[in-house]
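The values are calculated or read from the model by the stated rules, or taken from the named source; none is laboratory data. Source: prediction; values computed, not measured. Please note: Cβ atoms are built from the backbone with ideal geometry, for glycine as well, and neighbour counts cover all protein chains shown.
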Amino acid sequence: MTSLTFPDCAIPISNRVHWIGAFDPLLRSFDLILKTANGTTYNAYLVRGQQGVAIIDTVKEEFAEEFFKRLESVANYDEITLIVLNHLEPDHTGALPELLKRAPQAYLYISHQAQSMLKGLLKLDEKQLQFKPVTTGDHVDLGDCTLEFFHTPYLHWPDTQCTYLREEKLLFSGDVFGCHFCDARLFNDLVGDFRFSFDYYYAHIMRPFKKYVLDALTLLEPLALDLIAPTHGPVLRDQPRRYLQHYRTLSTPRKEVVDKTLLIFYISAYGNTARMAHAIYQGASTVTGLRVSIFDLQGGEVEPFVDLIEEADGIVLGTPTINGDAVKPIWDLLSSLAVVNLKGKVGAAFGSYGWTGEAVNMIESRLRGLKLRVPVPGLRIKLIPTEEELATCQTFGQQLAETMTQKQAVRELDFSQI
Amino acid sequence: MSKAQLTFSDIDVTVTVPAGVRVIEISEKVGSGIVYGCREGDCGTCLMQVLEGWNNLSSPSVLEDKILRELMAGKHYRLACQAQVLGDVVVKPA
């Protein structure tokens, strides 16, 4: 429980803008994947222009009444001319259906990629919805002020965008620069220490989309900024630019190695998969321009391996088949990779088996599911590898390495060969 | 059965395929960098660029066309899970 009193009216954050969101101090787990030690906030905002009122995002459905109460403290529903949805996830659109009932005249401004999601959320026919898809360069006039839109996809959904109120140098950033931190004092210079929450949020929500973060920063950095108003956590009015710089630091690759990198992870019950792993390691190491590393999963923690994989160009996973499946440490590693971007990395699988040998195919499917490309078919060897089979493992490693360093010759294949 | 050449320029692989196959049926098997999400033309993950032979792919369905518009994709972009190869084409991940 919290000892602070949460105000139940709208909170002014600038001349034209009020915070009309909701406090959720008791939340302890968000979206199943994040711990929220002191809850969160769902931030929504109201912008009053001379020619109308704009609502920027809404709140989670169960907090709708709190949101409407705050909204009603500063505006009437018939004044609302438009609603901007920077991100359509239900924690920001939960109150939208009711808001549309109360302000049916309002026009929705969403990104192009949000269109199908909007229909999925509201379950309404296109003709029943008044919406305008917008992108970078588009703006909407509120009389004495203007809302400008910035296309910032994948932060952290395909639909995400940012909205800028130039007259107040205020950026409505959506989930970007947000965090799960609930403090009634709302502003970053007044609330408790939220540095951990800010970095934790980035690590779980934005980290898989670092490339898109950097693209978005390139768009947002030139803006004059007095205030950043995200959809979760404190409103950033003290040194807002510091948060852009921090995002840039967090999103810039740390990589110091010039060569491409290939990581081999294996786990072995009787040493057979380990023997294969070392032969693959030898084979891959014969190719120049590639730095190859080998790790026994029994000797390491998953988290540092995830960091390594994030910056690697390829991974090879070796697992025996036990009871018709790959073993748990391999699945644990794979299930921990959701926080990093794997798209386009090279993946491969191998393993020794005694009886049925399903594990390799399963791992290959999972690698494809994680959006890696699997250019060399997996390698399975029954029980103890012979010298000849170990030579096959070396060739497998070499082929992978050549694929990654683009030393493989142009190939022409027939449908029957694949 | 008529044949066509499907080339993945990102990995320099050309496959001779029977006309009518979808790009998805081949690209994963040869390890092209085209990656897939829903595999049914809804998510747009498998957007690919068609470098040559644009007219040698099946026409986009109404649904594919809608997704391509939402992605603001250019004229020579298609979804690899939907496009069928009818003649020689060269593609790469978008």
What about A:A401, is it away from every other protein chain (no Cβ under 14 Å) and hydrophobic (A, V, I, L, M, F, W, C)? no
Here the residues within region A:252-269 that are over 22 Å from A:A401 (Cα atoms) and at pLDDT 95 or above are A:S268
Within region B:44-94, of all residues that are among the β-branched types (V, I, T) and within 11 Å of chain A (Cβ to nearest Cβ), the one surrounded by the fewest Cβ atoms within 10 Å (Cβ to Cβ) is B:T45
| query | Among the residues of region A:325-332, is there at least one that is among the aliphatic types (A, V, I, L, M), in contact with a strand residue (DSSP E or B) (Cβ under 7 Å, 6 or more places away or on another chain) and either farther than 25 Å from A:S285 by Cβ or away from chain B (no Cβ under 14 Å) (or both)? | reply | yes
Of (1) over 23 Å from A:T36 (Cα atoms); (2) not in a loop (DSSP other than H, G, I, E, B), A:P158 fails just (2)
Query raised in the report: Would it be correct to say that A:G357 is part of a loop (DSSP other than H, G, I, E, B), farther than 30 Å from A:V213 by Cβ, not aromatic (F, W, Y) and not assigned by TED's automatic domain parsing to the domain that holds A:L214?
Result: yes
Within region A:346-401, residues within 30 Å of the chain's Cα centre (by Cα) and touching a residue at least 60 places away in the same chain (Cβ under 8 Å) come out as A:V346, A:F350, A:L400, A:A401
Restricted to region B:26-38 and to residues being assigned to a helix (DSSP H, G or I) and at the interface with chain A (Cβ under 8 Å from one of its Cβ atoms), the residue modelled with the highest pLDDT is B:I26
Exercise. Would it be correct to say that B:G41 is part of a loop (DSSP other than H, G, I, E, B), within 17 Å of A:Q115 (Cβ to Cβ), more than 11 Å from every other protein chain (Cβ to nearest Cβ) and touching a strand residue (DSSP E or B) at 6+ places or on another chain (Cβ under 7 Å)?
Worked result: yes
Taking region A:284-314 and keeping only residues that are crowded, with 17+ Cβ neighbours inside 10 Å, out of contact with any Leu (no Cβ under 8 Å at 6 or more places or on another chain) and either in a helix (DSSP H, G or I) or on the phi > 0 side of the Ramachandran plot (or both), one is left with A:S285, A:E310
Somewhere in region A:208-230, is a residue hydroxyl-bearing (S, T, Y), closer than 23 Å to A:I20 by Cβ and in contact (Cβ under 8 Å) with a residue 40 or more places away in the chain?
-> no
Taking region B:1-25 and keeping only residues that are facing chain A (nearest Cβ under 7 Å) and touching a residue at least 40 places away in the same chain (Cβ under 8 Å), one is left with B:V17
The residue from A:Y281, A:Y243, A:Y247, A:Y266 that alone is within 19 Å of A:Y353 (Cα to Cα) and aromatic (F, W, Y) is A:Y266
Scanning region A:352-384 for residues that are within 30 Å of B:K92 (Cβ to Cβ), among the β-branched types (V, I, T) and more than 9 Å from chain B (Cβ to nearest Cβ) gives A:V360, A:I363
In the set A:L142, A:L88, A:L122, the lone residue that is farther than 28 Å from A:F30 by Cβ and buried (at least 16 other Cβ atoms within 10 Å of the Cβ) is A:L142
Reported set for region A:48-58 where residues are touching a Ser or Thr at 6+ places or on another chain (Cβ under 9 Å) and not acidic (D, E) is A:G49, A:Q51, A:G52, A:V53, A:A54, A:I56, A:T58
